[in-house]
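Just below is one structure, and these are the notes that go with it.
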Amino acid sequence: MAGDVGMFKFLKPKSRPHPVDIQAAALWGVAAGTTALWVVQPFNWIKKTFFETPEPEK
C-alpha cells in the first residue's frame, strides 16, 4: 500500500504509525466494543432487541 506512507510524510520516519500500531488500535477497538456489549448484556437488552419476537396481539 504505497498511499499509506504519503499520508504521513509530514512526520519523521520514527514518528509514523507502523502496521503494528494500527493493528493494536484495531484490537483495542474490538476490546472496547466487546466490553460495551458485555456491560449492556446483563440487562437483557441484546436478547430483547434481537432475539425475542413480540407476541402477536389477540
>> Nearest 10 degrees is fine. How inclined is helix 19-40 to the longest principal axis of the chain, computing both from alpha carbons?
In response: 20 degrees
> How much mean residue ellipticity at 222 nm does the chain get from its helices, if each DSSP H run of length 4 or more adds -39500 (n - 2.57) and you divide by all residues, to the nearest 500 deg cm²/dmol?
Replying inline: -15000 deg cm²/dmol
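Values in this text are rule-based calculations from the coordinates and carry no lab data. As the structure is a prediction and not an experimental result, all values here were calculated from the model.
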